[in-house]
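Working notes, structure below.
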Amino acid sequence: MGAGHHHQLYRPGDSVVHRLPPQCKLLAVIAFAIVVVATPRENFWAFGLYAVMLAVVAGAARVPPAFVLRRMVIELPFVLFAFLIPVIGLGERTSVLGLSLSVPGLWAGWNILVKATLGVVASILLAATTEPRVILVGAQRLRVPTLLVQIATFMLRYLDVIVDEMRRMRIARESRGFEARNFRHIPVIARSAGALFIRSYERGERVHLAMLSRGYAGRMPIMQEISASVGQWAVALALPAVALAVLGLSL
């Protein structure tokens with residue numbers, strides 16, 4: 001896999017977490033997320049300990065809290081959905097700050113909110129300490145299907161190209177006096193989206209033909225082989241192992 005550009009989520013550093021092989025961190029985050037999801041929603045103290053564990057990892061990785069908080073905006077749809085459930089939920093009702101809320105809805109909203117938040121924070125820490133292209137190398141080491149890894153690789157490689165193409169098209173429209181102000185301009189935006197799709201498809205065809213002409217046979221060459229020692233696996237899996245112990249105590 002070729003080199004890629006630094007992503008906005010990645011925070012360069014030389015911490016113990018940064019130096020861990022990607023396959024170790026990827027498996028640790030997946031295992032941690034599974035433990036969090038399996039935790040009963042009534043065990044508030046367990047979720048508090050999970051949050052403390054993530055805070056320890058962030059401290060070891062030297063990732064500032066502000067960095068994590070800014071990137072938690074991606075969780076906003078989950079937050080809105082979690083707050084909406086008690087309002088529209090059925091069953092027993094209770095009054096909170098003058099609002100009539102569903103008790104089962106409150107539990108469901110809390111369950112979604114806390115588990116989604118912990119999962120998002122764990123993912124942010126993974127992305128902050130591991131370059132996207134290296135994560136894909138780790139996924140390949142974990143025997144993730146090659147086709148999925150290749151799709152993700154090309155998406156990562158050409159995402160900036162497509163975004164730049166969108167920017168040029170927007171500048172071209174604005175240079176001709178176009179400015180989207182109301183629903184009447186939707187057809188223009190739709191035609192631009194169609195043109196972008198066609199250009200992206202044609203680019204993909206050209207790239208595929210170029211790859212075939214260079215001997216591509218369904219598998220990308222690995223330019224960077226990353227192995228992990230027993231000690232590195234032990235350090236990475238300490239997070240889900242402790243979380244599993246907490247889950248065992250909460251059951």
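The values are calculated or read from the model by the stated rules, or taken from the named source; none is laboratory data. Everything quoted here is computed from the prediction, not taken from an experiment. Backbone-built Cβ (ideal geometry, glycine too); neighbour counts: all protein chains shown. Remember, those area values only see protein heavy atoms, side chains included, never the ligands or the DNA or RNA. Shrake-Rupley method; radii C 1.70, N 1.55, O 1.52, S 1.80 Å.
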Notebook entry, point to check: Mind checking Rg over Rh on the range 29-133, alpha carbons, Kirkwood formula for Rh?
Noted result: 1.04
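Could you give the length gained on full extension between Ala38 and Gln8, defined as 0.36 nm per residue of separation minus the Cα-Cα distance, in nm? It would help to have the intermediate numbers written out before the result.
Working: separation 30, 0.36 × 30 = 10.80 nm, distance 3.10 nm.
In short, 7.7 nm is gained.
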Margin query: Can you compute the modelled spin-label distance between Leu69 and Arg219, with each label point 7 Å from Cα toward Cβ, in nm?
Written below: 4.8
Next item on the list: Only helical DSSP H runs with n ≥ 4 go in: add -39500 (n - 2.57) per run for the chain, normalise by residue count and round the 222 nm mean residue ellipticity to 500 deg cm²/dmol.
Entry: -23000 deg cm²/dmol
Note to self: Using a Gaussian network model on the chain with a 10 Å cutoff between Cα atoms, which of Arg70, Arg184, Arg41 fluctuates the most?
What the structure shows: Arg184
Next item on the list: Quickly rank 156-163, 99-106, 195-202 as a protection proxy: mean count of other C-beta atoms within 10 Å, highest first.
Entry: 99-106, 156-163, 195-202
Check: For the chain, what are the DSSP H helices with axial Cα length of 15 Å or more and mean Kyte-Doolittle hydropathy of at least -1.0?
Finding: 22-38, 44-60, 76-88, 103-129, 146-175, 186-213, 238-250
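With a 1.4 Å probe and all protein chains left in place, how much of the accessible area of the chain comes from carbon and sulfur atoms, in whole percent?
Values: 10690 of 15550 Å².
Carbon with sulfur: 69 percent of the solvent-accessible area.
By per-residue mean of other Cβ atoms within 10 Å, what is the highest-first order of 71-84, 205-218?
Final packing ranking: 71-84, 205-218.
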Note to self: Modelling each spin label as a point 7 Å along the Cα-to-Cβ direction, I'd like the Arg62/Arg170 distance in nm, to one decimal.
What the structure shows: 3.4
Item checked: Percentage, to the nearest whole number, of Cα pairs in the chain over 28 Å apart -> 52
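At 1.4 Å probe size, with every protein chain present, just tell me what the per residue accessible area of the range 87-189 comes to in Å².
Numbers: 6300 Å² over 103 residues.
Spelled out: the 1.4 Å probe surface of the range 87-189, per residue, equals 61 Å².
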